[in-house]
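**Student:** Dropping the structure in here first, questions after.
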Amino acid sequence: MNHFEAREGALWCEDVPLARLGEAVGTPLYVYSTATLTRHYRAFEDALAAYPELGAPTIAYAVKANANMSVLATLAKLGAGADTVSEGEIRRALAAGIPASRIVFSGVGKTDAELRYALDAGVAQINIEATAEFDRLSAVARAKGVTPTVCLRVNPAVGAGGHAKITTGAADNKFGVSIDEAERLYAGAAAAGLKAVGLACHIGSQIADLVPLAAAFRVMRDLVLRLRARGLEVARLDLGGGLGAPYFNTPDPPSPSDFAAMVASTIGDLDVHLAYEPGRVIAANAGVLLCRVIHVNTRPDGHRFVVLDAGMNDLVRPAMYDAFHDIRPVRPRPGAVMACDIVGPVCETGDTFARGRPMGPLEAGDLVVFMTAGAYGAVMSSEYNSRPMIPEVLVDGDRWAVVRPRPSYEAMMAREPMADWLT
Ligand code: LLP
C-alpha cells in the first residue's frame, strides 16, 4: 500500500496534489512519500518482530535503492541501519544520521582506499566477497593495527530475481565466495588479523517467490552448523535484501510477513544476530516519477507514440531490464482506452517505457506518473543527451520540500572545466 491516491479525480501524494508539485517544481521530477517510506520500514520491522526467536535485527536499508539524503534521514529517524557498497554511500549514510554501528559495507570490488575509509569510520561489519579481498583487507588492517569485524558473503549457488541482470546468487555470478572458500577463510580469519563474526548472502533483487530465498538460507544454515562443529563461533547472519515490490503487472510478491515466517522456519533456531538489507521493498512504492506529455505523435497508420518529457536517462529500468512500471494520468480524461507506445525524448529506440500499453486519452501538457519509481529510479539517472538531473521532492503530510534541486544548464556545464589549451 502507498500514499499516492486519487482525490477529487486526480492523484495526490499524501496531502499534496501532484499537479501542484508539477507546477511549482517543473517536470520531470521524482516525488517521495514520507508516510509510505515509514509504513514500509515499519511493516518490515513488525513482520520480523512477530517471531521472537529471530531476535532484535539490524535492518540495514540498501542505500543504493534510493540514496537521497532526506530519504536516508527519514529512515535514520526510524532506526534503520544502512547497507552500503561504496565510500560515497557510507558517507551519505553517516551524514544522514545513520550511526557507523548500524552500517554494513558490502560490494564486489571495494578498493583499498575504501576499505581504509570504512575502518576509519568504524562501520559495524565488512562483508568480504572474495579470497583476494580477504587478503587485501588483512593487509590494510595490519598496516593500520586494527582488527576488522567481518562477515563472509557466500555465493550459495541459488540465483533468483526479476531479471538475469539483477540475479546475484547463481554460482557463475561475480558475487561472494564459494562455500568451500568460505569454510577455509572463516577458519583462517583470526590468523589473518580479521574478526570473522558471521556469514552474509544476497541472491538477487525483485524476488517474487520465497522458494529460492528459503533454499539459500538453508545453505547458509548448513554452513553455520558446519563451522560451529569445527569449534568456530558464528554470531551473525546477514540475509541480504531482494524481496520484490508490487509493480502492478504480476501477482503481488510475498509480503514481509510471509518472508518473516519463512526466515523463522528455516533459520529461527540458529541463535544468531540477524541482519537484513532491504532496499526496493522499502523505497519502490514510496516514489513516483512525475512527468508531462510533450505531444502525442499519431502516425497515419494509427500507431500512437505518447512522447513524455522524462526519458531513459531519468528512469532507466524499462530500457535496462525490460521493467514494467504502471503509468497513470494524474487526472484521467474520460474516453476510450487505446494502445500506445510510451516513449521519452532521448535519441534512441531504447528510450521506450512501454509498447502497446492500453491508456485512456492523453493530450499534450497532461501530467502522468510512473508508479513504483522510488527505488532504482533517481539513483540510476544520468544527464545523457545533456538533460540535467531532475529534481527530487519529499512530501510529508501537507508539507513538501525540494530535496535535490534541478541544476541550471550553467551549473551542469560548469562541472567540466575547459582544458587550458582550449580557452
Ligand atoms: N544487498 C546487496 C548486497 C545488494 O546487492 C542489493 C541490491 C540489496 C541488498 C538490495 O536489494 P533489494 O532489496 O533492493 O532487492 N537496479 C536494479 C536492482 C539492483 C539491485 C542490486 N543489489 C533494478 O532497478 O531492478
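The values are calculated or read from the model by the stated rules, or taken from the named source; none is laboratory data. What you see is a predicted model, and the numbers here were worked out from it, not measured in a lab. With ideal geometry, Cβ positions are generated from the backbone for all residues, glycine too; neighbour counts draw on all protein chains shown. To get the accessible areas, we keep the full protein, side chains included, count just its heavy atoms, and leave off ligands, DNA and RNA. Shrake-Rupley method; radii C 1.70, N 1.55, O 1.52, S 1.80 Å.
**Student:** Rank VAL31, ALA19, THR84 by how far each Cα sits towards the positive end of the charge dipole of the range 1-85 (+1 on Lys, Arg Cβ; -1 on Asp, Glu Cβ) and give me just the farthest.
**Tutor:** About the Cα centre, the residue reaching furthest to the positive side is THR84.
**Student:** Who wins for biggest fluctuation among LEU232, LEU48, LEU21 in a Gaussian network model of the chain, springs between alpha carbons below 10 Å?
**Tutor:** Fluctuation is largest for LEU232.
**Student:** Okay, next question. Gap in Å between the Cα centre of the range 81-115 and the Cα centre of the range 292-310?
**Tutor:** That distance is 43 Å.
**Student:** Ignoring ligands, DNA and RNA, what percent of the 1.4 Å accessible area of the range 38-184 is carbon and sulfur?
**Tutor:** 52
**Student:** On a 0 to 90 degree scale, rounded to 10, what angle separates helix 210-229 from the longest Cα axis of the chain?
**Tutor:** With rounding to tens, the tilt is 20 degrees.
**Student:** Before I look further, what does the chain give for accessible area per residue, probe 1.4 Å, in whole square angstrom?
**Tutor:** 41
**Student:** To continue, here is another question. If I take the Cα coordinates of the range 74-135 and project them onto the principal axes, what are the three extents in Å, biggest first?
**Tutor:** Here the spans come out as 37, 16, 15 Å, largest first.
**Student:** Give me the lysines in straight-line cross-link reach of LYS165: C-alpha distance below 29 Å, same-chain residues under 8 apart excluded.
**Tutor:** Here the lysines satisfying the reach criterion relative to LYS165 are LYS64, LYS110, LYS174.
**Student:** In whole percent, and with a 1.4 Å probe on the protein chains, what portion of the accessible area of the range 245-358 is carbon and sulfur?
**Tutor:** In the range 245-358, the share of accessible area belonging to carbon and sulfur is 53 percent.
**Student:** Which is the longest part of the chain that has none of the GluC sites (Glu not before Pro) sitting in a DSSP loop with at most 12 other Cβ atoms within 10 Å?
**Tutor:** 9-232
**Student:** If R0 is 45 Å, what FRET efficiency do you get for ARG226 and ALA411 from their C-beta distance, rounded to 0.05?
**Tutor:** Taking R0 as 45 Å, the efficiency between ARG226 and ALA411 is 0.20.
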